[in-house]
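Notes for the one structure printed next.
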Amino acid sequence: MLSGVQPSGDVHLGNYLGAFRNWVADQHEHDAYYCIVDLHALTLDHDPSRLRERTLDMTRWLLAAGLDPRVCTIFVQSHLPEHTELSWILECTATYGELRRMTQFKDKSGGQESVRVGLFTYPVLMAADILLYDADRVPVGDDQRQHLELARNVAQRFNARYGDTFVVPDAAIPRVAARVMDLQAPERKMSKTTGTDAGLVYLADEPAAIERKIRRAVTDPGTDVVFDPENKPGVSNLLAILSAATNEDPTALAARYTQYGPLKADTAAAVVEMLRPVQDRYREVCADPSFVESVLAEGAARAGKVAAETVARARRAVGLLEPLR
Ligand code: TRP
């Protein structure tokens, strides 16, 4: 199993409930690899002086969320040149037409004066991330489904053309799909790139900030508390968050409330409780930089063994001459 996350600063509740919490559960059931995809962060404007720190901070949050480096492999994409190497080989398998159809490319490139080639080939690098580890299970959000489909197509085409080389990956649908929406704009998902600070609960937020943001969350016309994401996105988002934090069914939760106020108060309290141990662990991990470094060093060593074998297989398949000694 493999999944990836960009080293965006300020990790939020959407990252935690939509991804990390499931990864923590999955690590015990699969041979799991978690990749911090810093190369993908170069596809849009970024601040070089912050990227390093963000990569480290993402590592800290993954550890704080409960990933256990004794059980799973946590590593940084750019530490393994195999990712870029395989990406090139796969660029010669994927087609221009197929990349042009990627909706995320259309969204991210729209309105930009100059579009980086890397933004266009982004999904091929992602395919390399996946295929390097023979991953057959790839947990991703809805927005990454099309990229995963591309990885499948590229793997199948490569295998058909050059002989069986890659495991064809499958998307993994999380058992509990917590889709956390922006508190200020509940029709779109909670995300650093589109949201405002008031709509995002950061994992680092103090309890008072969490309470304030949830109290000010946009609700819907009317006063009924019902779980109906289509017609009542604001209230349903609060119910979904409360449900994720308490492991109770959102419809059953809705039946207990007749007003928005108490729902908001309980949701805030539940989120504060849920995040408390994560924040405690985050502080511990921050206090131990050599631990974080050793996690990434060991992760790169473990991942590197697998990646090197896969790249060797791919190189042989396409007929590259072995390096001569
Ligand atoms: N593109 C993914 C995202 O933006 C991150 C990612 C990169 C990824 N490589 C991956 C996810 C491999 C799963 C598997 O969320």
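The values are calculated or read from the model by the stated rules, or taken from the named source; none is laboratory data. In this text, all values refer to a predicted model and were calculated from it rather than measured experimentally. Every residue, glycine among them, receives a Cβ derived from its backbone with ideal geometry; neighbour counts consider all protein chains shown. Just the protein is used for accessible areas: all its heavy atoms, side chains included, with ligands, DNA and RNA removed. Shrake-Rupley method; radii C 1.70, N 1.55, O 1.52, S 1.80 Å.
Here are the numbers for this structure:
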item: Accessible area in square angstrom per residue, the chain, 1.4 angstrom probe; result: 49
item: log10 of Debye I(q)/I(0), alpha-carbon scatterers only, for the range 67-190 at 0.12, 0.20 Å⁻¹; result: -0.54, -1.25
item: Estimated dipole of the chain in Debye, rounded to 20 [Cβ of Lys and Arg +1, of Asp and Glu -1, Cα centre]; result: 440
item: M190 - accessible surface, heavy atoms, 1.4 Å probe, Å² rounded to 10; result: 10
item: Bridge type composition, the chain - antiparallel percent by DSSP, nearest 5; result: 15
item: Area of F227 that stays accessible when all protein chains are in place (1.4 Å probe, Å², to 10); result: 70
item: About the Cα centre, charge dipole magnitude for the range 166-264 (Lys/Arg +1, Asp/Glu -1 at Cβ), debye; result: 180
item: Net charge, Y282 excluded, C-beta distance under 14 Å - Lys, Arg +1, Asp, Glu -1; result: -3
item: Paramagnetic label zone (point 7 Å from Cα along Cα-to-C-beta, C286; backbone N under 19 Å) in the range 37-72; result: 50-67
item: Relative contact order (percent, whole number), the chain, Cα cutoff 8 Å, 6+ residue spacing; result: 22
item: Relative contact order (percent, whole number), the range 25-167, Cα cutoff 8 Å, 6+ residue spacing; result: 25
item: Alpha carbon centroid spacing (whole Å) that separates the range 96-159 from the range 219-283; result: 34
item: Efficiency of FRET between R100 and T258 - r from beta-carbon atoms, R0 35 angstrom, step 0.05; result: 0.10
item: The chain: equivalent-ellipsoid semi-axes (sqrt of 5 x gyration tensor eigenvalues, Cα, Å); result: 37, 22, 18
item: Net charge of neighbours whose Cβ lies under 13 Å from the Cβ of V71, counting Lys and Arg as +1 and Asp and Glu as -1; result: -3
item: Loop-located trypsin sites (Lys or Arg not before Pro) in the range 166-232, at most 14 other Cβ atoms within 10 Å (DSSP); result: R175, R188, R216
item: Overall dimensions of the range 53-134 as given by Cα atoms, namely Rg and Dmax in Å; result: 15.6, 45
item: Under the span-like rule (Cα at least 18 Å along the axis, Kyte-Doolittle mean at least 1.0), DSSP H helices of the chain; result: 117-131, 233-246
item: Under 10 Å, Cβ to Cβ, from T43 - net charge with Lys/Arg +1 and Asp/Glu -1; result: +1
